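Undergrad: Got a structure for you, questions after.
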Amino acid sequence: MFEHEGYVLDVEGLRMRYGASDVLHDVTFQARRGEVLAILGPNGAGKTTTIEILEGFRTRSAGKVEVLGIDPAHGPDHWRARVGIVLQSWRDHGKWGVRELLAHLASYYAGETRPWDPDELLAAVGLTAHATKKIRMLSGGQRRRLDVAIGIVGRPELLFLDEPTAGFDPEARRDFHDLVHTLAAEGRTTILLTTHDLSEADNLASRIVILSGGRVVADGTAEQLAERIAGQDEVRWTLDGERFTQPTAQSTRFVFELFQRHGESIADLEVRRASLEDTYLSLVRQAESGRIAEEVAR
């Protein structure tokens, strides 16, 4: 099979049922090569189930799923070699040395896939100074950097990142973000990111999918999602000594018209744009309100 219309991920009508309960309801989204896609949602939204289906660890109830042109439920070994996964935690032998483990894992990749050189990879994730240290001796943040190195050692075409910076200090988080930007800039690796850090999603993702109650409630760039929420921007200004605040969906036009009417009498003008957090919370609340109304109607 080949990637459909350039999609590295193609999910249509995905459903997952446990007993009489649907966890995922007709979930549909796509991702193209080189894209950084963030999946956001509250606990219980279906993020983990969706990711596990895409990774081939869980079998769906219905719908179409193609990952690198292959149904992940039947992904062969050569397909798995093209996919990298950074889980929230790894279980491995603490007696391994850091560089020793990465060199061992790199030896499994052959053919057209050129794995990272262990020393270059250690430098990329900030572990050069700990190359000979036993894994059990790493701090939590260092352990998380190693998790990332394990996930990308084979230079995957598709990389799953599940809460990748949990436990990172601010410097480590910045370095990791730089690494993700570098991978994305190369255009070869598609990255699927799940995170509870909205600022991280805003910084890294070229597109965002928001799940709530097992349904896709939004899909687009941060700017496109913000445009869906009327009145989230706020314009604040002072006129004749009095302070005003006006919510508006079109702040640029509002400011232009304000200056047309009052000109230089306007002082202390501020425009507060809707943040991704504002957008996320509003969309999730709207979705939850709709489901509650639906349940009451039943």
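The values are calculated or read from the model by the stated rules, or taken from the named source; none is laboratory data. Since the model is a prediction, treat every value here as computed from it, not as a measurement. With ideal geometry, Cβ positions are generated from the backbone for all residues, glycine too; neighbour counts draw on all protein chains shown.
Undergrad: State yes or no: is Gln88 crowded, with 19+ Cβ neighbours inside 10 Å, polar (S, T, N, Q) and modelled with pLDDT under 95?
TA: no
Undergrad: Under the condition of being under 13 Å from Leu193 (Cα atoms) and not in a loop (DSSP other than H, G, I, E, B), which residue from segment 25-49 is nearest to the chain's Cα centre (by Cα)?
TA: For segment 25-49, the residue satisfying everything is Ala38.
Undergrad: Among (1) over 21 Å from the mean Cα position of the chain (by Cα); (2) farther than 18 Å from Ile210 by Cα, there is one condition Asp22 misses while meeting the rest; what is its number?
TA: The one condition Asp22 does not meet is (2).
Undergrad: Within segment 50-70, track down each residue that is surrounded by 21 or more Cβ atoms within 10 Å (Cβ to Cβ) and outside any loop (DSSP other than H, G, I, E, B). Don't jump to the end; show me each part of the working.
TA: Residues of segment 50-70 that are surrounded by 21 or more Cβ atoms within 10 Å (Cβ to Cβ), as a first pass: 50, 53-54, 60, 67-68.
Correct list: Thr50, Ile53, Leu54, Val67.
Undergrad: Just to be sure I understand, how many residues within segment 91-138 are modelled with pLDDT under 90, in contact with a Ser or Thr (Cβ under 9 Å, 6 or more places away or on another chain) and of a type in the set (Gly, Ala, Ser)?
TA: 1
Undergrad: Right, another one. Which condition breaks for Tyr18 when tested against (1) out of contact with any strand residue (DSSP E or B) (no Cβ under 9 Å at 6 or more places or on another chain); (2) at pLDDT 90 or above?
TA: (2)
Undergrad: Sticking with this one: Being closer than 30 Å to Ile210 by Cα and modelled with pLDDT of 80 or more is the filter here; which residues of segment 257-278 pass it?
TA: So the first thing to find is which residues in segment 257-278 are closer than 30 Å to Ile210 by Cα, and the list is 270-278.
Across segment 257-278, the qualifying residues are Glu270, Val271, Arg272.
Undergrad: Assess whether Asp202 counts as being in contact with a Leu (Cβ under 7 Å, 6 or more places away or on another chain), modelled with pLDDT under 90 and farther than 19 Å from Glu55 by Cα. Write out each step before concluding.
TA: Working: in contact with a Leu (Cβ under 7 Å, 6 or more places away or on another chain): yes; modelled with pLDDT under 90: yes; farther than 19 Å from Glu55 by Cα: yes.
It is true that Asp202 is in contact with a Leu (Cβ under 7 Å, 6 or more places away or on another chain), modelled with pLDDT under 90 and farther than 19 Å from Glu55 by Cα.
Undergrad: Going residue by residue through segment 172-185, is there one that turns out to be part of a helix (DSSP H, G or I), among the basic types (Lys, Arg) and without any contact (Cβ under 8 Å) to a residue 12 or more places away in the chain?
TA: Narrowing segment 172-185 to residues part of a helix (DSSP H, G or I): 172-185.
Filter again for among the basic types (Lys, Arg), leaving 173-174.
Of the ones still in play, those that are also without any contact (Cβ under 8 Å) to a residue 12 or more places away in the chain are 174.
Checking segment 172-185: at least one residue is part of a helix (DSSP H, G or I), among the basic types (Lys, Arg) and without any contact (Cβ under 8 Å) to a residue 12 or more places away in the chain.
Undergrad: Hey, another quick one. Among the residues of segment 132-190, count how many are buried (at least 21 other Cβ atoms within 10 Å of the Cβ) and of a type in the set (Lys, Arg).
TA: Residues meeting the conditions: 2.
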